[in-house]
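Take a look at the structure below.
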Amino acid sequence: MSDVLKIVDLHVSIGDKEILRGVNLSMTEGETHALMGPNGSGKSTLGLAIMGHPNYNCTKGEILLNGENILELEPNERARAGIFMAFQRPVAIPGVKMADFLRHATTNVRNPDRKEGEDLIPMREFRKEIKANMEQLQMDSEFARRYVNDGFSGGEMKRAEILQLAMLQPKFAILDETDSGLDADAVRLASQSINEIGHNKMGLLIITHHDKLLEHNPPNFTHVILGGRIVETGGKELAEELHAEGYDRIRKQYPEAAKVNDESESEAEVVV
Amino acid sequence: MTPTTLTEKMQLTFTDEGFAAFLETLNEPEWLTEIRSAAWARFKELPWPSNRDEEWMRTDIRLFHLEKFFIPSARGEVATGAPVLADGVELAGSAASCDGVASGASQLDSAMADKGVIFGTISELLEDHGDLIQKHLFQVVDGLADRFAALHQATWTSGTFLYVPRNVCVDKPIHTFSTMTDGGCDFSHTLIVLEEGAEATVLAESNNAKDSVGLHCGAIEIVVGDRGNLRYVNLQDWSQKVWHFAHQSAVIGQDTNLQWTVGALGSRLAKVNQHVSLRGKRGTCQVNGVMFTENKQHLSYHTLQHHEKPDCTSDFLYKGALQDQSRTVWRGMIKVDVEAQQTDGYQRNDNLLLSSKARADSIPGLEIEADDVRCTHGSTSGRVDEELIFYAQCRGFTRKEAIRAIVTGFFQQVFDRVTIESVREALALAISRRVRDYD
């Protein structure tokens, strides 16, 4: 049976400010979904809420993985259940080497029942695997010895996120602007890599402003989020329309959501 | 500690009678007796530091009672304690002491001795090298600076002297270890003199059995001559019932390199003054400090990087992690004399608070008289960043695993600066043992 991630009437607040106001979305393994929307619409919030960020308070609704509500799970339990997010701006963890971090992460995600302190996956096996993945991403082997995201350029950070996606092989992956801040070549490489790693295999929820990523990973569904709600869902032609023409039609068609969005956009910097 | 075990030991109290009897046991040259007697007079004059003194405002020693201790003297006891810095390391020399008395003979590689290197306990070297010792002893630390300094200068015992002649390189580390019995004192004095172009690595460590009561009142004096290169490591891991007071100073010459690594893990209360004087052009000094406290420990480290000449570089980094109700005080000062143009001075203290009851005071300072210098300082104190924990959790780390990784990484940044592998490993192991699981 295929894995299904289903979000039902999800309301999410930060403090007393409601960001998501009833999001519904259902993804099946192997499908690619594009999530598009103007600034402040709640795209990143949805991703962080799915991962279980402690500041994002789910006040109503459910997130179901194969029918089980995961809202009560810790972020690490969600990761071990097969949910992944590539961060738009991943934080640095100084002093912790990429290789050590990923070896621990890979071990935990592959052995969801592992207890703290139990053995990590064998070094040899891990090295071989990370090396192969890094070569595919055209990453220098020195990368594994650097500290997690510490002093990384924008492009290096995004590649490091894709590397983690490749190593952790989740069922569902949220890619939050994994193509932003990259030059054209880097976008192409990232798009191709994501295609090879996840397209038609994982359930991908792609948050993007670019068309390259979706060109290489054509979405089965495109969702437009505005003012904390998904106002329209279509196929890949909807993504193409939004790229070409922007959100004017959407704003006109859903004036109420647009109004909410404009109000929250002024606070977008605080929210993200 | 029980009174019975104490009465079995030879006891000389910190009184005029005790001090006089102590001098009798030493049989030292007159110049040294004079140094001791002057300091004893000073000790008697001075009051104990109190919270009215700027340096002691945050460090409360009202519970410290010197009369509970006795002047270090021969006891013939061997205390438990385990050195960790020299594991699997080939050494050029070693010395150990217990309660400020040498345990066994010190060792020095004969090839080094042939090159004129001198190493051993000060007392055993006085006869043959008295002039050399006299030339340097209590020249770098001010033995009359405060009551603890005076107490040390009056009643120090044992301790080690390392002398490396001109252009001689001691290619393997020299190791010293001090320990104490329950109720004991360690008043050891370290004197390291590197002549012009000399090189050496010294690994010094002190620890004693868990829950052993003790008093360390010590001093370290380091002289690095022009073009000299010294790596000095000092790992203090006393039991949490030890009072630790120390003045530690170095004077480095022209075109020198001093890398000084400090591991401050132990003691009930520590008050340490660490001074480096850059007394020749283009001297470079790097200090790497690691503090990790727990329970009710109180560690107070006061550093001074004193630029006396132009074109020198000093780089002091202290990182601390605090658990339970422990407390650290770090007070750093970069002093740049009017002559010391083109100084590049850096000081930083970062603290990770692992408990809501822990407290870290960080007081950086600059005193600059030259007008063409670059001096930067900074300090941070805070809890483990929740965003880092969340990120690691999103990659499958449990919260506890995430915090452990972040804390370990925090210290890794200091270890990366240490160029001695055995020291990096020993420090990392000590830290990993101390890191707990935090909720």
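The values are calculated or read from the model by the stated rules, or taken from the named source; none is laboratory data. Everything quoted here is computed from the prediction, not taken from an experiment. All Cβ positions, glycine included, derive from the backbone under ideal geometry; neighbour counts span all protein chains shown. Areas reflect the complete protein model, heavy atoms only, side chains present, ligands, DNA and RNA absent. Shrake-Rupley method; radii C 1.70, N 1.55, O 1.52, S 1.80 Å.
For the residue pair A:S26 and B:A111, what label-to-label distance in nm results when each label sits 7 Å from Cα along the Cα-to-beta-carbon direction?
7.8
Where the centroid of each part is defined by its Cα atoms, how far is segment B:365-383 from segment A:1-18 in Å?
48
Restricting to DSSP loop positions (anything but H, G, I, E, B) with no more than 12 other Cβ atoms inside 10 Å of their own Cβ, which trypsin sites (Lys or Arg not before Pro) remain in segment B:200-258?
B:K210
For B:T160, enumerate residues with amide H under 5 Å from its amide H, sequence gap 5+ or separate chain, H modeled in the peptide plane.
The list, which skips near neighbours in sequence, is B:I122, B:H189, B:T190, B:L191.
Label-point separation (nm) for A:R188 and A:D119, each offset 7 Å from Cα along Cα-to-Cβ?
Between A:R188 and A:D119, the label points sit 4.5 nm apart.
Given R₀ = 60 Å, FRET efficiency for B:N167-A:V8 by Cβ-Cβ distance, to 0.05?
With a Förster radius of 60 Å, E is 0.15.
Which of the GluC sites (Glu not before Pro) across segment A:30-109 are loop residues per DSSP, with 15 or fewer other Cβ within 10 Å?
Here the GluC sites (Glu not before Pro) that fit, given the DSSP loop and packing criteria, are A:E72.
Calculate one ³J(HN,Hα) per residue across segment B:405-417 by plugging θ = phi - 60° into the Karplus curve 6.51 cos²θ - 1.76 cosθ + 1.60, and present them in order as whole Hz with x for glycine and proline.
5, 5, 5, 4, x, 4, 7, 3, 5, 7, 4, 4, 7
Find out how many positive minus negative residues lie around B:E196, taking Lys and Arg as positive, Asp and Glu as negative, among other residues whose Cβ is under 9 Å from that of B:E196.
Overall, the nearby charge balance is 0.
Going by amide H atoms built from the backbone, whose H comes under 5 Å of the H on B:H216, apart from near neighbours?
Close amide H contacts, sequence-distant or interchain: B:D186, B:W243, B:H244, B:F245.
With every protein chain present, what accessible area does B:T176 have (1.4 Å probe, heavy atoms only), rounded to the nearest 10 Å²?
20
Can you give me the Cα centroid spacing of segment B:27-68 and segment A:102-154 in angstrom?
Distance between centres, Cα-based: 55 Å.
Starting from the Cα of B:R52, step 7 Å along the direction of its Cβ; do the same at B:K296; then give the gap between the two resulting points in nm.
Label-label distance for B:R52 and B:K296, simple model: 2.6 nm.
Among bridges DSSP assigns within the protein assembly as shown, what percent are antiparallel (round to 5)?
20
Report the extension gain between B:E45 and B:L429 in nm, rounded to one decimal, defined as 0.36 nm multiplied by the number of residues separating them, less their alpha carbon distance.
Residue separation times 0.36 nm, minus the Cα-Cα distance, leaves 133.8 nm.
Can you check what the net charge comes to around A:R188, using other residues whose Cβ is under 14 Å from the Cβ of A:R188 (Lys, Arg +1; Asp, Glu -1)?
-3
What percent antiparallel are the DSSP beta bridges of chain B, to the nearest 5?
5
Just to check I understand the Karplus step: with θ = phi - 60° and J = 6.51 cos²θ - 1.76 cosθ + 1.60, what whole-Hz values come out for segment A:248-253, glycine and proline as x?
4, 4, 4, 4, 5, 6
Using amide H atoms built 1.01 Å from N in the peptide plane, name the residues 5+ places from B:L366, or on other chains, whose amide H lies under 5 Å from its own.
Distant-sequence amide H within range of B:L366: B:I334.
Calculate the FRET efficiency for A:K131 and B:D416 from the Cβ-Cβ distance with a Förster distance of 22 Å, rounded to the nearest 0.05.
Once rounded, the FRET efficiency stands at 0.40.
How large is ³J(HN,Hα) for each residue in segment B:112-124, as worked out from phi by the Karplus curve 6.51 cos²θ - 1.76 cosθ + 1.60 (θ = phi - 60°), to whole Hz, x for Gly and Pro?
For segment B:112-124, the Karplus-derived couplings read 6, 4, 4, 7, x, 5, 10, 8, x, 6, 4, 4, 6 Hz, x marking Gly and Pro.
Nearest 500 deg cm²/dmol is fine: what mean residue ellipticity at 222 nm does the protein assembly as shown get from its DSSP H runs of n ≥ 4 alone, each adding -39,500 (n - 2.57), divided by its residue count?
On the way: 20 runs with 211 residues, N = 711.
Rounded to the nearest 500, the figure is -9000 deg cm²/dmol.
Apply 1/(1 + (r/R0)^6) to the Cβ-Cβ distance of A:S141 and A:Q169, taking R0 = 25 Å, and write down the FRET efficiency to the nearest 0.05.
For A:S141 and A:Q169, the calculated efficiency is 0.75.
Around A:K128, what is the net charge, scoring Lys/Arg as +1 and Asp/Glu as -1 over all other residues with Cβ under 14 Å from its Cβ? Before the final figure, lay out each step's value.
Details: positive: A:R103, A:R124, A:R127, A:K131; negative: A:E125, A:E129, A:E135.
Neighbourhood net charge equals +1.
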